[in-house]
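Heads up: the structure comes next, in structure tokens.
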Amino acid sequence: MSKKVLLLHGWGGSDHPHWQSWLAGELAKEYGCVSFLQLSDFDRPKLDVWKKELLEHLQEFKPDIVICHSLANILWFHLCNDANLERIQKLYLIAPPSLCCEIEELQSFFPLKAPKNLYAKKILLITSTNDPYLNTQEAEKLQKELEVAMHVVKDGGHINAASGYGPWPWLLEQINL
């Protein structure tokens with residue numbers, strides 16, 4: 001695979017055994033070009049800091065594929081709402097939280113409107129039937145607002161290490177399609 005893949009973690013990071021950590025290793029095994037950007041102070045994130053870091057990294061790395069997990073989706077939405085981003089080939093929006101999340105540590109990110117342009121040619125929203133941060137109705141509403149395809153994981157929780165997502169071969173296959 002010769003595509004440049006950027007992985008963006010959410011609140012608390014995505015260290016091993018999280019699927020993002022596993023995926024970064026799998027992509028690198030085949031001499032893939034992967035960047036697993038570590039955003040600042042991920043236990044107490046600040047929107048303005050994360051936006052600046054991501055914009056700088058996008059200019060340097062110039063990814064073909066971006067894979068967002070959790071709060072990283074919200075970060076991407078903010079960039080889409082207020083910047084002209086370079087269009088990428090594929091965007092994966094995995095386990096985004098509700099757009100009206102009320103977690104105190106994350107308040108600089110909310111509230112937020114769904115962007116009209118996601119700056120990607122192919123987009124897949126991946127949600128779960130029992131995500132504690134985005135219920136099924138909110139996921140369906142978000143899919144309609146974004147006008148994207150959606151894959152729903154049955155009982156996948158927040159699609160993180162705590163819900164059993166370390167190795168995730170299905171996602172690796174999707175990226176390689």
message = If amide hydrogens are placed 1.01 Å from N in the peptide plane, which non-local residues have theirs closer than 5 Å to the one on VAL153?
response = THR127, SER128, THR129
key: Whole-number D in µm²/s for the chain (Stokes-Einstein; Kirkwood sum over Cα pairs; 4 °C, 1.567 mPa s)   = 81 µm²/s
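Given Cα pairs under 8 Å that are at least 6 residues apart, what percent is the relative contact order of the chain? Show your work: numbers first, answer last.
Numbers: 319 pairs, mean separation 40.4, N = 177.
Relative contact order comes out at 23 percent.
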task = Find the centroid of the Cα atoms in the stretch 1-39 and in the stretch 70-96, then give the distance between the two in whole Å.
result = 16 Å
ask   = Tell me, what HN-Hα J-couplings in whole Hz come from the Karplus equation 6.51 cos²θ - 1.76 cosθ + 1.60 at θ = phi - 60° for each residue of the stretch 30-39, using x for Gly and Pro?
value = 9, 6, x, 9, 10, 10, 10, 5, 9, 7
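Charges only on Cβ, +1 for Lys and Arg, -1 for Asp and Glu: so what's the dipole of the stretch 1-92 about the Cα centre, in debye to the nearest 20?
On the way: 10 positive and 12 negative charges, 43 e Å.
That gives a dipole near 200 debye.
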message = Using a Cα-Cα cut-off of under 26 Å, which lysines could be cross-linked to LYS116, ignoring same-chain neighbours fewer than 8 residues away?
response = LYS3, LYS4, LYS46, LYS51, LYS52, LYS62, LYS90, LYS141, LYS144
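Using a simple charge model, +1 on the beta-carbon of Lys and Arg, -1 on the beta-carbon of Asp and Glu, nothing else, what dipole does the stretch 4-176 show about its Cα centre, in debye to the nearest 20?
540 debye
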ask   = Counting only residues 5 or more places away or on other chains, whose amide H sits under 5 Å from the amide H of LYS122 once H atoms are built in the peptide plane?
value = LYS90, LEU91
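Computed from the coordinates by the stated procedures, all read-outs in this text should not be read as laboratory data. Keep in mind it's a predicted model, so treat the numbers as computed, not measured. With ideal geometry, Cβ positions are generated from the backbone for all residues, glycine too; neighbour counts draw on all protein chains shown.
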